[in-house]
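Undergrad: Could you have a look at this structure, given as structure tokens, before my questions?
Please treat every number below as a calculation from the coordinates, not as lab data. No experiment lies behind these values; they were computed from the predicted model shown. Heads up, the Cβs are rebuilt from the backbone with ideal geometry, glycines too, and the neighbour counts pull from every protein chain shown.
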């Protein structure tokens, strides 16, 4: 399955726009051809005029080209927001809603505080993962992806009951839990560790703690929810378990040049590393040295990098997740 944390797809050909350097010569040629059909005697003079960037006609044509390029980019961005893998913010909310998936509220805010505290909402990356998993959750559990979807949307499916209080009357009732555990599960992975037995182990990575170890209460909630007759696969025997956390630290030394324009600002580098560490904090996750080097060297003023920790790439299995305990960056100039 597509992983938004590490997987990338190229921008579709339909969304690629013609840059100014290509559009302007084509527009100029089209203008001269049109002029040749109307005033052929003026073509040579106008062509010479367009070679001078200081002429009003040249400035006007260049401006029109810039407007056309801007409009192309604007329309492409608008269309891009309709594609789930490229959508962000409320555009992603709209695309995910097509699959019955809505952004989770991780922590309630306080509108009466000063200043008002907004709700802490699920990130675009996490919402996209759940939306991509949604087609596997239309039925019961059974497949690995279906288990993952139902665990990550814990508590969102209401209990549906049909009652017949009297003749000629049927009542269909949707009942939601009084206290919803929505947003507590960061990730989940299921495996039948003893093939042919139906014994399924489901490992839960939690948002309750920074490193992701779930509480016993959460494990029980997951087991109860996935054991519902409208979710559980009849032939499976489910065991919900806590994962193993692989701790690591990022320690690197960044080298820059001892010039006024060579000073390194480590704040954006640290923020980028934190974003990568958070994205890879998943079951079956991996932290690649190549991605760490890439992230460290994105800053323009970084000449070279010495990465001392981790010493090797960290590759976890389905019941293990990597967790970054800290980021230490040193800066030197040479």
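Undergrad: Quick one: if the Förster radius is 51 Å, what FRET efficiency do residue 119 and residue 37 give, using the C-beta to C-beta distance and rounding to 0.05? Present the calculation step by step, with values, prior to reporting the outcome.
TA: Numbers: r = 62 Å, r/R0 = 1.21.
Here the calculated transfer efficiency is 0.25.
Undergrad: Run through all the Cα pairs of the range 13-80 and give the fraction in each 10 Å bin from 0, expressed as whole percent.
TA: 20, 43, 25, 12, 1
Undergrad: Here's something else I'd like to know. Which of 287, 331 comes first, and how do the rest follow, when ranked by fewest Cβ neighbours within 10 Å? Don't skip to the answer; put the middle values down first.
TA: On the way: 287 23, 331 16.
Sorted ascending by nearby Cβ count, the order is 331, 287.
Undergrad: Further question: Using 5 Å bins from zero, what percent of all Cα-Cα pairs in the range 139-241 falls into each bin?
TA: Per 5 Å bin, starting at zero, the Cα-Cα P(r) for the range 139-241 comes out as 2, 12, 22, 21, 16, 10, 7, 4, 3, 1, 0, 0 percent.
Undergrad: Quick one: check the C-alpha center-to-center distance for the range 224-291 versus the range 7-49, whole angstrom.
TA: Cα centres, the range 224-291 to the range 7-49: 47 Å.
Undergrad: State, as an integer percentage, the relative contact order of the chain based on alpha-carbon contacts under 8 Å between residues 6 or more apart.
TA: Reported relative contact order: 12 percent.
Undergrad: Next question. Relative to the longest principal axis of the chain, what angle (0 to 90°, nearest 10) does the C-alpha long axis of helix 216-226 take?
TA: 90
Undergrad: Any idea what angle helix 20-38 forms with the longest principal axis of the chain, computed on alpha-carbon atoms, 0 to 90 degrees, nearest 10?
TA: Between helix and principal axis, roughly 50 degrees.
Undergrad: Could you line up 20, 138, 86 from fewest to most neighbouring Cβ atoms inside 10 Å?
TA: Working: 20 15, 138 10, 86 18.
So the ranking, lowest neighbour count to highest, is 138, 20, 86.
Undergrad: Could you put 24, 174 in order, starting from the residue whose Cβ has the fewest other Cβ atoms within 10 Å?
TA: Details: 24 19, 174 9.
The order, fewest Cβ neighbours first, is 174, 24.
Undergrad: Using only Cα atoms, what is the ratio of the radius of gyration of the range 112-196 to 2.2 N^0.38 Å? Can you show the working numbers first?
TA: On the way: Rg = 18.0 Å, N = 85, 2.2 N^0.38 = 11.9 Å.
Expressed relative to 2.2 N^0.38 Å, the Cα Rg reads 1.52.
Undergrad: Right, something else. Looking at the chain, send over the antiparallel percent of its DSSP beta bridges, to the nearest 5. Mind dumping the intermediate values first?
TA: On the way: 22 of 40 bridges.
Bridges in the chain are about 55 percent antiparallel.
Undergrad: Whole number please: convex hull volume per residue, Cα atoms of the range 244-333, in Å³.
TA: Values: hull volume 6.3 nm³, N = 90.
Convex hull of Cα atoms, per residue: 71 Å³.
Undergrad: A further question on this structure: Rounded to the nearest 10 degrees, what's the angle between the helix 56-80 long axis and the longest principal axis of the chain, both from Cα atoms, 0 to 90?
TA: Once rounded, one gets 10 degrees.
Undergrad: Over the range 195-256, what is the mean sequence separation of C-alpha contacts under 8 Å (at least six apart), divided by residue count, expressed as relative contact order in percent? Display every interim value, and only then the final one.
TA: Numbers: 58 pairs, mean separation 26.9, N = 62.
It comes to 43 percent, rounded to a whole number.
Undergrad: If I compute volume of the Cα convex hull per residue in Å³ from the structure I just sent, which labelled value in (1) 134; (2) 278; (3) 163 lines up?
TA: (2)
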